[in-house]
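Before any comments, here is the structure.
Each reported figure results from applying straightforward, stated rules to the coordinates on display, with no laboratory input. Note that this is a predicted model, so its numbers are computed, not measured. Note: ideal-geometry Cβ built from the backbone for every residue, glycine included; neighbour counts use all protein chains shown.
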Amino acid sequence: MTRWLTDLDRGFFDLVFPRDCAVTQEPMDEEARRHLSPAGAARLLRIHDPRCLSCGHPFEGLLEGDRACPHCLDLHPAFGRAVCAFRARGPARWIIHRIKYGRCPFLADDLAAAAVEDEVFRRHLAGSVLVPVPLHASRRRDRGYNQAERIAGRLASLVAGCRADPLLRKQHETPSQTKLGRQERRRNVAGAFIIAEGRPVDPATRYVVIDDVLTTGATLHACALTLRKAGAILVDAAALAHG
Ligand SMILES: [Zn+2]
């Protein structure tokens, strides 16, 4: 994918060149998802029960009765429950990388559509206000979009009773989380988020904070904490993939 190809160009590009599946690279037929074939979607690693009721990580290979989740042990999240549709491995990881760094925001539409095929994920969102994790204004400007906003908008259009609301703002840029440990990540994003000016928070509304990937949960926790401090009572979280 070339750098100049923006989302607006994409429709034209699709007309001129045949569309390929982002996973299998095979030509696409006329499918509901434009860049993710059924065969490609089948190769995404879905998360099934049993899973951690806090961060959503699957409990594969852990013994019954040994259900302390090593992925969110010290998190004590401000969100009630996080649910993730896929493992951030293999094809789901490549697609998310292209969404964030490859100027392919349109791939978020297909990954979100594949995510809501899972009933646990869909029911987790149903009837809620979906709040995307914000990017700092300068990062958003550089990237041209916020992938979490795109994902939240797409999910809201697919799940009954949902709407997306960009309630949060990131007030200062934070160093990349990718090389930081669990506690450092938490310190890194603490206090980074505020309620966007003039946006009311309703204590009777259930909010689900939306991100592309949950790794340690630090970012989703910081966002959930901001909503709670502003008066939200029911705050959960969801990500397309668990890192
Ligand atoms: Zn967990």
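Scanning residues 5 or more positions from Cys52 or on other chains, those with amide H under 5 Å from its amide H are His57, Phe59, with H placed 1.01 Å from N in the peptide plane. Take every pair of alpha-carbon atoms less than 8 Å apart whose residues are at least six positions apart; their mean separation over the length of the stretch 50-162 yields a relative contact order of 22 percent. Net charge within 12 Å of Pro38 by Cβ-Cβ distance, Lys/Arg positive one each and Asp/Glu negative one each, not counting Pro38 itself? Spelling it out: positives minus negatives among the neighbours equals -3.
Highest mean first, the peptides 198-206, 103-111, 121-129 sorted by other C-beta atoms within 10 Å per residue fall in the order 103-111, 121-129, 198-206.
Sorting the segments 133-142, 152-161 by their mean number of nearby beta carbons within 10 angstrom, highest to lowest, gives 152-161, 133-142. Is the stretch 98-142 best put as rounded, prolate or oblate by its Cα gyration tensor, with a ≥ b ≥ c the root eigenvalues, rounded for a/c under 1.5, and otherwise prolate when a/b is larger than b/c, oblate when not? Note, shape of the stretch 98-142 comes out oblate.
Each stretch of four or more DSSP H residues adds -39500 (n - 2.57); spread over every residue of the chain, this sum gives -9500 deg cm²/dmol at 222 nm. Stretching Leu53 away from Arg228 to a fully extended chain increases their span by 61.0 nm, per 0.36 nm per residue minus the current alpha-carbon distance.
At a Förster radius of 41 Å, what calculated FRET efficiency corresponds to the Cβ-Cβ distance of Asp20 and Ala137, to the nearest 0.05? In this case the efficiency is close to 0.75. Over all projection directions, the Cα-based convex hull of the stretch 188-242 averages an area of 3.8 nm².
Mean sequence separation of contacting Cα pairs (under 8 Å, at least six apart), scaled by the length of the chain, corresponds to a relative contact order of 21 percent.
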